[in-house]
Amino acid sequence: MTNRILSGMRPTGRLQLGNYVGALKNWVHLQDEYDCFFMIADWHALTSNYADPGDMRRNMRAVLLDWLASGIDPERSTIFVQSLVKEHAELNLLLGMFTPLAWLERCPTYKDQITQLANKEIETHGFLGYPVLMAADIILYRANFVPVGEDQLPHLEIAREIARRVNFFHGGPIETGTNLPTRPIFPEPEPLLSAIPRLAGLDGRKMSKSYDNAIYLDDTAETVQTKARSMMTDPARVRRTDPGNPDICPVFSYHKLFSSPEIVAEVDRDCRTAAIGCIDCKKLLANSLNTLLDPMRERRAVLENDTPRLTEILEAGNARAREEAERTMGVLRERLSLPASARDAVNAS
Ligand code: TRP
Ligand code: SF4
């Protein structure tokens, strides 16, 4: 049986180059090998944005377009919206029964966020339960692997612990007609860490919306050129004739990720001897970036005005996700002695 993957992103806005190299690019390749489920995690976005959700629907559309433009293929992968598959909420509730508070309270991301987002009131049930909802996302599809960044590892560890705990109490052979694996009921999901390092912003700081230092997947070729031109370089390289040090230059770190090995070698050599100037070096970079982004622009252009097609993609994805979710919930409800119907509820034999 093909292994299954589930991953998700919160719809918080257009995606950046950093999201592409850190996650999306990996997802696109995983489609060749796995049965992939990709989820727009709108409920997760609400855990911290409940007071001001912003334009969540617009963001959702933007994320969907970014995924499709990047090569996520709705014919092969299941693309869906978390809040449109209500079983996520049901499983979240049930997994909550099994989750000791201490697991959540000691979660490092929780402790970090409480200090970092001090301006938001997130000492809430929902925010503390973020990892439980994430565990539900994964367990609902009985996913074997979860491609995530390092920041999500603590959440995944909790998901594994929850799966293990449910298996401990309720694993065992299934008597009646499902083709779910017998003992244990849920696979313990494993992380798939992508090896790609964090992409710095144009100014060398952390790439972030609030610093306005990012390149977006939907930036035009001209915008990419302008942004490349504005990038920080080796600050010691003041004049064209000064030799530079690519090892400390953000432009070079982009070359290493986006340019051909020949260009990387050329820049590495010629910067140190001042044989290449920063303006030309940045032009080379803009070309490399646009070579990556051009095919995405073509796919985006086809889809961006085709709302019926986008609707159809999500409808099909949601339906497929629901089907899997219902299967899992059917088994779990039975294990937990919950009735499947009124008749079931009064038929105590
Ligand atoms: N918490 C993840 C993030 O912020 C998004 C997410 C929600 C997710 N549910 C998930 C990722 C399930 C993987 C699996 O990036
Ligand atoms: Fe950076 Fe390129 Fe200028 Fe060297 S030539 S300092 S790598 S921008």
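Applying a threshold of 9 Å to beta carbon distances and a minimum spacing of six or more residues, or different chains, the list of pairs starting in segment 118-138 at a residue that is farther than 15 Å from Asn49 by Cα and ending at one that is in a loop (DSSP other than H, G, I, E, B) and of a type in the set (Val, Ile, Thr) reads Pro131/Thr99; Val132/Thr99; Ala135/Thr99.
Can you find even one residue in segment 57-64 that is touching a residue at least 60 places away in the same chain (Cβ under 8 Å) and surrounded by 19 or more Cβ atoms within 10 Å (Cβ to Cβ)? Yes, there is a match, as at least one residue in segment 57-64 is touching a residue at least 60 places away in the same chain (Cβ under 8 Å) and surrounded by 19 or more Cβ atoms within 10 Å (Cβ to Cβ). Evaluate the following for Ile72: is it at pLDDT 95 or above and either outside any strand (DSSP E or B) or not assigned by TED's automatic domain parsing to the domain that holds Leu128 (or both)? The answer is yes for Ile72. If you filter segment 260-274 down to residues that are of a type in the set (Gly, Ala, Ser) and away from ligand 2 (no atom under 11 Å from the Cβ), you find that the one that is nearest to Arg198 (Cα to Cα) is Ser260. Under the condition of being among the hydroxyl-bearing types (Ser, Thr, Tyr) and at pLDDT below 65, which residue from segment 156-196 is nearest to Phe145 (Cα to Cα)? Ranking the qualifying residues of segment 156-196, first place goes to Thr182. Considering segment 1-25, and only residues there that are among the polar types (S, T, N, Q) and under 10 Å from the mean Cα position of the chain (by Cα), the residue that is surrounded by the most Cβ atoms within 10 Å (Cβ to Cβ) turns out to be Ser7. Candidates in segment 235-246 are the residues that are closer than 25 Å to Asn213 by Cα and either small (Gly, Ala, Ser) or touching a Ser or Thr at 6+ places or on another chain (Cβ under 9 Å) (or both); of these, the one that is surrounded by the fewest Cβ atoms within 10 Å (Cβ to Cβ) is Ala236.
Okay, residues lined up against (1) in a helix (DSSP H, G or I); (2) assigned by TED's automatic domain parsing to the domain that holds Leu46; (3) touching an Asp or Glu at 6+ places or on another chain (Cβ under 7 Å):
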residue: Ala89; (1), (2), (3): yes, yes, no
residue: Asn92; (1), (2), (3): yes, yes, no
residue: Tyr110; (1), (2), (3): yes, yes, no
residue: Ile114; (1), (2), (3): yes, yes, yes
residue: Glu123; (1), (2), (3): no, yes, no
residue: Gly126; (1), (2), (3): yes, yes, no
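When you scan segment 48-66, do you find a residue that is part of a loop (DSSP other than H, G, I, E, B) and within 11 Å of ligand 1 (Cβ to nearest atom), even just one? The answer is no; no qualifying residue exists. Screening Pro108 with (1) within 12 Å of ligand 1 (Cβ to nearest atom); (2) more than 15 Å from the chain's Cα centre (by Cα); (3) modelled with pLDDT under 95 gives one miss only, at (1). Residues in segment 136-156 that are part of a helix (DSSP H, G or I) and out of contact with any Cys (no Cβ under 9 Å at 6 or more places or on another chain): Ala136, Asp137, Ile138, Ile139, Glu150, Asp151, Gln152, Leu153, Leu156. State yes or no: is Ala286 within 16 Å of ligand 2 (Cβ to nearest atom), within 30 Å of Leu64 (Cβ to Cβ) and either of a type in the set (Gly, Ala, Ser) or modelled with pLDDT of 95 or more (or both)? Yes; evaluated as a whole, the condition is true for this residue.
Any residue in segment 27-40 that is surrounded by 22 or more Cβ atoms within 10 Å (Cβ to Cβ) and in contact with a Pro (Cβ under 7 Å, 6 or more places away or on another chain)? So far as segment 27-40 goes, yes, one or more of its residues are surrounded by 22 or more Cβ atoms within 10 Å (Cβ to Cβ) and in contact with a Pro (Cβ under 7 Å, 6 or more places away or on another chain). Pairs linking a residue in segment 161-188 that is among the acidic types (Asp, Glu) to a residue that is surrounded by 14 or more Cβ atoms within 10 Å (Cβ to Cβ) and modelled with pLDDT of 55 or more, with Cβ atoms under 7 Å and 6 or more positions apart or on different chains, are Glu161/Trp103; Glu188/Arg160; Glu188/Ala163; Glu188/Arg164.
Here is the figure for segment 1-21: residues that are part of a helix (DSSP H, G or I) and within 10 Å of ligand 1 (Cβ to nearest atom) total 1. The number of residues in segment 235-268 that are of a type outside the set (A, V, I, L, M, F, W, C) and in contact (Cβ under 8 Å) with a residue 24 or more places away in the chain comes to 14. The criterion of at least 3 residues that are within 16 Å of ligand 1 (Cβ to nearest atom) and buried (at least 18 other Cβ atoms within 10 Å of the Cβ) is met, among helices (runs of 4 or more DSSP H) falling completely within segment 253-349, by 307-335. When segment 53-77 is examined, which residues are found to be of a type outside the set (Asp, Glu) and farther than 19 Å from Arg300 by Cα? If the condition is that a residue be of a type outside the set (Asp, Glu) and farther than 19 Å from Arg300 by Cα, then Pro53, Gly54, Met56 are the ones that fit.
The values are calculated or read from the model by the stated rules, or taken from the named source; none is laboratory data. In this text the structure is predicted, and so the values were computed from the model without any measurement. Heads up, the Cβs are rebuilt from the backbone with ideal geometry, glycines too, and the neighbour counts pull from every protein chain shown.
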